[in-house]
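Take a look at the structure below.
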Amino acid sequence: MCEVFWFNSGMLKTPTPFQHELEMVTLEQLVPKGHLLRLIDRHISFDFIRERTQSLYCADNGRPAFDPVLLFKMLFIGYLFGIRSERQIVREIEVNVAYRWFLGLRLTDKIPDASTLSQNRRRRFAGTDIEQVIFDTIVEQAIGHGLIGGRVFYSDSTHLKASANKNKYDIHQVTQKPVHYLEELNAAIDEDRTAHGKKPLSDRDDDHEPPTKEVKISPVDPDAGYMVREGKPTGFFYLDHRTVDGVHSIITDTHITAANVHDSGPYLDRLDRMRERFGFDVGAVGLDAGYFTPHICKGLVERAIYGVIGYRRPNHKEGFYYKREYEYDASEDVYRCPSGEILRYSTTNRHGYREYKSDAKICHDCSSRSQCTSSKNHVKVVTRHVWQHFKDQLNLNRLSDTGKSLYKHRKETVERSFADAKQLHHHRYARFRGLAKVKAQALLAAACQNMKKMANLLERALRLYLQRFLPRKNSSRVLMKVLGGYLKKLAENFSSLLKRQILVTVTQ
């Protein structure tokens with residue numbers, strides 16, 4: 001049996017092409033009212049870029065230059081929307097009406113070529129601090145809007161893959177640099193030895209060659225560091241050390257180093273720089289376990305900052321006692337082993353550790369010796385840093401209710417900031433080669449993250465303000481009219497105090 005299907009083609013019509021028709025529209029009509037670039041343009045000022053770069057342009061010679069605000073806005077588009085290539089940025093601007101609107105270009109205006117961006121970066125802006133100025137000024141605008149609390153901060157680092165093959169490298173012998181706080185540590189060591197009746201350590205022989213180590217250097221990007229960390233990828237990377245505020249996770253500092261630099265190395269200097277630059281009265285910080293070093297703990301305590309640092313389980317040899325099972329008696333300055341015997345002070349070494357040693361005669365006949373030490377002379381040695389009391393103080397902070405409450409927000413602030421940067425702003429890879437260029441990338445990426453968050457927060461606050469104070473009758477119609485025509489003027493006029501009050505309500 002054959003079934004027949006009838007198809008009615010009366011409702012199916014071939015579309016008529018309209019691409020060549022003329023329409024009377026403005027660029028303003030084509031950009032959605034809630035587009036991110038509209039919000040950024042409404043709430044953030046970029047005029048400072050022109051003022052800070054004016055000295056880099058010749059006033060009476062050469063052909064007219066592109067507005068530096070335009071050039072940096074093009075870069076902002078790339079960072080905001082995760083466009084990695086500058087050539088691709090130009091191609092996207094050619095077809096995206098919202099991008100043209102943000103740049104102040106008409107539909108038929110010529111877009112600066114990608115080489116204009118690269119040549120300005122290599123020539124005009126090279127060696128300047130314009131990227132740092134942009135980042136700092138955006139932070140200052142956030143402070144002016146009341147979006148930064150300035151009391152609690154979270155810091156961490158993440159890796160950016162360098163543009164270098166991990167299998168192609170040269171082996172170099174480099175001199176090991178002493179830690180930057182070596183003089184401070186040596187003074188503490190001498191003071192501790194004197195207090196225990198020991199002579200200060202003699203200076204090392206000047207004729208003695210400083211220690212060296214082998215490092216892998218990339219031939220195409222010598223500034224990148226070869227990273228070998230547990231749970232991390234191996235290869236050439238950079239580290240982005242970032243600090244965010246605890247209120248809205250606004251980024252307040254970002255700093256780039258090679259990946260073979262320890263997280264704790266630049267931390268205190270960056271903390272001081274942030275406090276001096278923006279006048280923050282830092283009350284508390286939350287850090288991961290990588291920052292739990294004697295120098296960091298000492299620095300936080302001396303700065304009267306409530307530090308909470310994560311815990312990392314120490315290395316332990318199976319079958320032996322844990323170090324925590326040896327109790328320290330501060331009143332007598334001795335350790336007591338699990339069997340109750342005393343380990344007395346012996347010396348303070350060059351690395352800043354006191355050495356406490358047991359009595360070999362007692363340990364020789366001890367039934368627990370196999371769980372305590374495997375040394376041939378039957379002496380157990382326990383070390384304690386001269387700054388250990390600072391670490392003990394921060395350990396107490398971590399175990400307190402306040403410390404636990406503060407630390408649990410770390411994953412919602414700095415870790416979330418890195419996740420957004422990698423997922424939405426293409427911050428997994430270094431776009432350029434060289435420390436200075438990668439630093440510029442990190443600063444602009446962080447500035448764009450701040451712009452996005454600031455614009456969204458201020459827009460929410462402004463809408464809440466309008467809904468609260470406009471008359472209820474026809475409120476939606478009035479609201480849309482105000483948002484469409486007069487929102488920018490209102491945003492500039494209503495006071496920062498009122499913004500703070502509204503923002504508190506928004507975040508609840």
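The values are calculated or read from the model by the stated rules, or taken from the named source; none is laboratory data. Computed from a predicted model, the values in this text were never measured in an experiment. Methodologically, a virtual Cβ is constructed for each residue, glycine included, from the backbone with ideal geometry; neighbour enumeration extends over all protein chains shown. Accessible surface is based on the protein model in full, side chains and every heavy atom, while ligands, DNA and RNA are left aside. Shrake-Rupley method; radii C 1.70, N 1.55, O 1.52, S 1.80 Å.
If you restrict to DSSP beta bridges whose two residues both lie in the chain, what percentage is antiparallel, to the nearest 5?
Close to 85 percent.
Would you be so kind as to identify which of 137, 49, 77 lies farthest towards the positive end of the dipole of region 29-175, taking Lys and Arg as +1 and Asp and Glu as -1 on Cβ and the Cα centre as origin?
Among 137, 49, 77, the one farthest towards the positive end of the dipole of region 29-175 is 77.
Can you list the residues of region 47-76 with backbone N under 17 Å from a point 7 Å past the Cα of residue 119, pointing along Cα to Cβ?
Within reach of a label on residue 119: 57-58, 61-68, 71-72.
Work out the length of the dipole vector of the chain about its Cα centre, built from +1 on the beta-carbon of each Lys and Arg and -1 on the beta-carbon of each Asp and Glu, and round it to the nearest 20 debye.
With Lys and Arg at +1 and Asp and Glu at -1, about 1580 debye.
For residue 174, what accessible surface area do you get with a 1.4 Å probe? Give it in Å², rounded to 10.
50
Got a sec? What order do 318, 327 fall in by accessible area at 1.4 Å, biggest, i.e. largest, first?
On the way: 318 165, 327 125 Å².
From most exposed to least exposed: 318, 327.
How would 86, 94 rank on accessible area, largest to smallest, probe 1.4 Å? Display every interim value, and only then the final one.
Details: 86 35, 94 105 Å².
My answer, sorted largest first, is 94, 86.
Multiplying the sequence separation of residue 339 and residue 351 by 0.36 nm and subtracting their Cα-Cα distance, what value in nm do you get?
Taking 0.36 nm per residue and subtracting the Cα distance, the gain is 1.4 nm.
Taking H placed 1.01 Å from N in the peptide plane, check which residues at least 5 places from residue 235 or on another chain put their amide H under 5 Å from its amide H.
227
Quick check: the distance between the Cα centres of region 382-404 and region 424-443, to the nearest angstrom?
Going from one Cα centre to the other spans 36 Å.
Suppose R0 equals 45 Å. What FRET efficiency, 1/(1 + (r/R0)^6) with r the Cβ-Cβ distance, do residue 329 and residue 278 give to the nearest 0.05?
The pair residue 329/residue 278 has a calculated efficiency of 0.50.
What does the accessible area of residue 115 come to, in Å² to the nearest 10, when a probe of 1.4 Å is used?
60
Would you kindly find the accessible area of residue 108, with a 1.4 Å probe and non-protein molecules such as ligands, DNA and RNA excluded, rounding to the nearest 10 Å²?
Estimated to the nearest 10 Å², residue 108 gives 130 Å².
Using only the alpha-carbon atoms of region 18-140, report the extent along each of the three principal axes, biggest first, to the nearest angstrom.
For region 18-140, the Cα spread along each principal axis is 50, 34, 29 Å.
Kindly write out, for region 136-141 in residue order, the coupling ³J(HN,Hα) from the Karplus curve 6.51 cos²θ - 1.76 cosθ + 1.60 (θ = phi - 60°), rounded to whole Hz, with x marking Gly and Pro.
Listing the rounded values in order: 4, 5, 5, 4, 5, 5 Hz.
If you average the sequence gap of Cα pairs under 8 Å that are 6 or more apart and divide by the length of the chain, what percent do you get for the contact order?
Here the relative contact order equals 19 percent.
Take region 263-400, compute every pairwise Cα distance, and split them into 10 Å bins from 0; I just need the percent in each bin.
The distribution over region 263-400 is 10, 34, 29, 17, 7, 2, 0, given as percents.
Quick one: pull the percentage of alpha-carbon pairs in the chain with a separation above 34 Å.
In whole percent, the share of Cα-Cα pairs in the chain beyond 34 Å is 54.
What whole-number distance in Å separates the alpha-carbon centres of region 224-302 and region 336-366?
Going from one Cα centre to the other spans 36 Å.
What is region 69-208's relative contact order, in percent, from Cα pairs under 8 angstrom and six or more apart in sequence?
Values: 44 pairs, mean separation 15.4, N = 140.
It rounds to 11 percent for region 69-208.
If region 191-269 were replaced by its equivalent ellipsoid, with semi-axes equal to the square roots of 5 times the Cα gyration tensor eigenvalues, what would those be, largest first, whole Å? Walk me through the intermediate numbers first.
Values: eigenvalues 235, 120, 26 Å².
Square roots of five times the eigenvalues give 34, 25, 11 Å.
Classify region 124-215: rounded, prolate or oblate, from the alpha-carbon gyration tensor (a ≥ b ≥ c, eigenvalue square roots; a/c under 1.5 rounded; otherwise prolate if a/b is larger than b/c)?
Details: a/c = 2.89, a/b = 1.42, b/c = 2.04.
The shape class here is oblate.
How do 42, 433, 277 stack up against each other in accessible area, from largest to smallest, with a 1.4 angstrom probe?
Most to least solvent-accessible, the answer reads 433, 277, 42.
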